[in-house]
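A.B. asks: Pasting in a structure now, in structure tokens, and then I'll have a few things to ask.
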Amino acid sequence: MKLASLKQGRDGQLVVVSRDLQHVLPVPEIAETLQQALDNWAETAPRLQAIYEELNAGVRHGMQDFDPAACAAPLPRAYQWADGSAYVNHVELVRKARGAEMPPQFWTDPLMYQGMSDGFLGPRDAILAGSEDWGIDFEGEIAVITDDVPMGVTPEAAGEHIKLMMLVNDVSLRNLIPAELGKGFGFFQSKPASAFSPVAITPDELGSAWDGHKVHRPLTVHLNGTLFGEPDAGVDMTFDFPTLIAHVAKTRHVGAGTIIGSGTVSNLDRSKGSCCLAERRMLEILADGKPSTPFMAFGDRVRIEMFDAQGESLFGAIDQQVQHYEGP
């Protein structure tokens, strides 16, 4: 099943999307918003699935053309957004480039931060920044949306709570990060609003590419129309999604509609390219002593997408341009 939220009010209008991403159908008789659907998932999911099947068969009246530009994030705002760093080779590379040793526990205990969730970007919304000096970067990721998760859930049971999946552009302002982390209190100004794919999908839409733990498909990133990277999301993922969910729920109950991200998708095989500028810059530092790839400038465009084995887009594309923020 594929779901989206058209831009309407703060929380969007829930629509069911056809598998080929050609048509949508509002479903106010089931739920006005995706959060409402998630709050009552056991009751709403079968009804949404039935409409999805009719939509794919082309027999549903009231169908509209699907326009990604009309979409907000599937959850335009969420009760919780927790982003991990599941591809530890990416973390190791970044630390190595600045001459820092990586603590061994990074391989056994996930890194995670809690980001802003009161207003996500839609898949075609601009990335606004006050200055290019902030070091504007994209980060291609995968995220899951959960239902209610009990505190202390085990990794073995956590996978049952994954209801939907999305792609993410976790925008980072790299030049603001060192000073913030230097305070010892984590990210804040350096992590502005993230963007999500037009469509959220149930895991079964991935077919054999989903094994209940990881997504075994490349994540394709283009910068200004040129392929930047397509690492396989199922390779070199140290902490799978059930493990990340169990990490979040160790000391708290987790509410329906919680979004948990994978962190930047990264492969040890560097021929696959990268899903963020920082990783490429670190490789350049290790090879040449200095970076040659700049961070994003105003007017630059990033596109993040995932395709199935037949070359069809699974989630639709995040396609964003960096623009100067003129102020309130």
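The values are calculated or read from the model by the stated rules, or taken from the named source; none is laboratory data. The structure presented is a predicted model; accordingly, all values stated were derived computationally and were not measured. Cβ: placed from backbone, ideal geometry, glycine included. Neighbour counts: every protein chain shown. Each accessible area value is taken on the protein alone, full model and side chains, heavy atoms only, with ligands, DNA and RNA left out. Shrake-Rupley method; radii C 1.70, N 1.55, O 1.52, S 1.80 Å.
A.B. asks: Got a sec to turn the phi values of region 305-318 into Karplus ³J(HN,Hα) couplings, 6.51 cos²θ - 1.76 cosθ + 1.60 with θ = phi - 60°, whole Hz, x for Gly and Pro?
C.D. replies: Going residue by residue, I get 7, 10, 10, 7, 5, 8, x, 8, 5, 8, 10, x, 10, 7 Hz, with x marking Gly and Pro.
A.B. asks: Here's something else I'd like to know. Count neighbours as other Cβ atoms within 10 Å of each site's Cβ, and list the chymotrypsin sites (Phe, Trp or Tyr not before Pro) in region 185-231 that are DSSP loop with at most 11 such neighbours.
C.D. replies: For chymotrypsin sites (Phe, Trp or Tyr not before Pro) across region 185-231 that sit outside H, G, I, E and B with at most 11 neighbouring Cβ atoms in 10 Å, the list reads PHE185.
A.B. asks: On to the next question. Would you look at the GNM of the chain, springs on alpha carbons closer than 10 Å, and say which of LYS96, LYS183, LYS191 moves the most?
C.D. replies: LYS183
A.B. asks: Could you derive backbone 3J(HN,Hα) for region 84-94 from the dihedral phi with the Karplus parameters 6.51, -1.76 and 1.60 (θ = phi - 60°), listing whole Hz in sequence and x where the residue is Gly or Pro?
C.D. replies: Going residue by residue, I get x, 9, 6, 9, 5, 4, 5, 4, 4, 5, 4 Hz, with x marking Gly and Pro.
A.B. asks: Once you list every other residue whose beta carbon is under 15 Å from the beta carbon of SER313, what net charge do they have if Lys and Arg are +1 and Asp and Glu are -1? All intermediate terms of the calculation are to be shown ahead of the outcome.
C.D. replies: Values: positive: LYS2, ARG19, ARG124, ARG217, ARG303; negative: ASP20, ASP67, GLU205, GLU230, GLU305, ASP308, GLU312, ASP319.
Neighbourhood net charge equals -3.
A.B. asks: What accessible area per residue, rounded to a whole number of Å², is obtained for the chain using a probe radius of 1.4 Å?
C.D. replies: Using a 1.4 Å probe on heavy atoms only, each residue of the chain averages 43 Å².
A.B. asks: Compute a Gaussian network model of the chain, connecting alpha carbons closer than 10 Å, and tell me which residue from ALA249, ALA309, ALA297 fluctuates the most.
C.D. replies: ALA309
A.B. asks: While we're on this one: Within 10 Å, Cβ to Cβ, of LEU38, how many net charges do the neighbouring residues add up to if Lys/Arg are +1 and Asp/Glu are -1? Intermediate results must be reported in sequence, preceding the final value.
C.D. replies: Working: positive: LYS163; negative: ASP39, ASP147, ASP148.
Overall, the nearby charge balance is -2.
A.B. asks: With the cut-off at 30 Å, tell me which of the pairs LYS7/LYS163; LYS96/LYS163; LYS2/LYS183; LYS214/LYS290 have Cα atoms farther apart than that.
C.D. replies: Values: LYS7/LYS163 22 Å; LYS96/LYS163 36 Å; LYS2/LYS183 42 Å; LYS214/LYS290 34 Å.
Exceeds cut-off: LYS96/LYS163; LYS2/LYS183; LYS214/LYS290.
A.B. asks: Can you list the HN-Hα couplings for region 157-170, worked out from phi with the Karplus curve (6.51, -1.76, 1.60; θ = phi - 60°), rounded to whole Hz and with x for Gly and Pro?
C.D. replies: 9, 5, x, 5, 8, 7, 10, 9, 9, 9, 9, 9, 10, 8
A.B. asks: Sticking with this structure for a sec: Please give the Cα centre distance for region 133-171 versus region 1-74, rounded to the nearest Å.
C.D. replies: About 21 Å separates the Cα centre of region 133-171 from the one of region 1-74.
A.B. asks: Can you list the residues, at least 5 places off or on another chain, whose amide H is less than 5 Å from the amide H of ILE318, using H built in the peptide plane?
C.D. replies: ILE304
A.B. asks: Which cross-chain or sequence-distant (5 or more) residues have an amide H under 5 Å from the amide H of GLY229, H modelled 1.01 Å from N in plane?
C.D. replies: VAL221, SER274
A.B. asks: Mind listing the long-range amide H neighbours of LEU164? Cut-off is under 5 Å, sequence gap 5 or more, other chains count too, H placed in the peptide plane at 1.01 Å from N.
C.D. replies: Excluding prolines and chain starts, which carry no amide H, the hits are ILE145.
A.B. asks: I'd like the GluC sites (Glu not before Pro) in region 1-70 restricted to DSSP loop residues with at most 10 other Cβ atoms within 10 Å, sorted by number. Kindly include the intermediate steps, with their values, before the conclusion.
C.D. replies: Details: sites: GLU29, GLU32, GLU43, GLU53, GLU54; in loops: GLU29, GLU32.
Here the sparse-neighbourhood loop sites are GLU29.
A.B. asks: If you filter region 232-328 for GluC sites (Glu not before Pro), then keep DSSP loop positions with at most 11 other Cβ within 10 Å, what is left?
C.D. replies: Working: sites: GLU279, GLU284, GLU305, GLU312, GLU326; in loops: GLU312, GLU326.
The qualifying sites are GLU312, GLU326.
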